[in-house]
1. Taking the beta-carbon count within 10 Å as an exposure proxy, list 135, 18 from fewest neighbours to most.
2. Taking the Cα centre of the chain as the origin and placing charges on Cβ (Lys, Arg +1; Asp, Glu -1), which of 9, 61, 122 is farthest toward the positive end of the dipole?
3. Hey, what do the phi angles of the stretch 119-129 turn into as Karplus ³J(HN,Hα) couplings, whole Hz, using 6.51/-1.76/1.60 and θ = phi - 60°, x for Gly and Pro?
4. Are there any trypsin sites (Lys or Arg not before Pro) in the stretch 57-158 that are in a DSSP loop and have at most 12 other Cβ atoms within 10 Å? List them by number.
5. Kindly express, to the nearest 10 degrees and within the range 0 to 90, the angle between helix 179-188's C-alpha long axis and the longest C-alpha principal axis of the chain.
6. Where does helix 48-57 land angle-wise versus the long Cα axis of the chain, in degrees 0 to 90, nearest 10?
7. How far is helix 105-114 tilted off the main Cα axis of the chain, in degrees rounded to 10, range 0 to 90?
8. Just to be sure I understand: of the beta bridges DSSP finds with both ends in the chain, what percent are antiparallel, rounded to 5?
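Here, each number is a calculation from the coordinates, and none is a lab measurement. These figures come from a predicted structure and were not determined experimentally. All Cβ positions, even for glycine, are placed from backbone atoms using ideal geometry, and neighbour counts span all protein chains on display.
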Amino acid sequence: MRVDMKQSFSTSEVATYCHVTADTIRKWAEAGRIRVFKTPGGHRRIRREDLIAFLRENDIPIHSDLREGGVKVLVADGQEGVVSAVRRFLERSQSSFQIEAAGDGFETGRQMGVFRPDVVFLDLELPGLDGVALCRRLSEDPDFAGTRVIGMASPEHGDLPGRAVEAGAVGGLRKPFTPDNLRRVLAQVGIDVN
């Protein structure tokens, strides 16, 4: 993350991103629709990650200056070929991405806390991890409201991607997958990849 990226915003600034008035943002904050904190002086502020999560949840376009470092993508898969395929696909795109990888459940948990990805390509059978349970936990945790999970599994694992979607993932992929499969599932999370 760049040091000069703004990390919190006033209600007036958030109103501009949401195309509403500052009074509407204050009302949403009072109703609990958008997470806010108060400065020692009593002013409401909205953290960058909370603003981005709110915009995504409400299908409001995310302004380019909020995406300054690019979309953060975590590829959690123990197969290096899968990680390489996703990485190559994203790096060839016109869009900007920050990409990290995790090869087991422990590293996935660590990356979730440290890297705070926007999108997770999750091998649902990753060693040391119950992928469906993780999808459920992330969908219920307000700290990860902006994180979109794409569950991946081999055909021999039945409808595991479908179970992940029922548990909160936004999409599923069967391995092996094609560039068109990746393009389609990223479109489901609002990312246009050319």
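1. Lowest to highest Cβ neighbour count: 18, 135.
2. 9
3. 10, 10, 8, 10, 5, 5, 10, 4, x, x, 8
4. Listed in order of number, the matching sites are 92.
5. Helix 179-188 and the main axis of the chain meet at about 30 degrees.
6. In the chain, helix 48-57 runs at an angle near 70 degrees to the longest axis.
7. Result, in degrees: 20.
8. Percentage antiparallel, nearest 5: 20.
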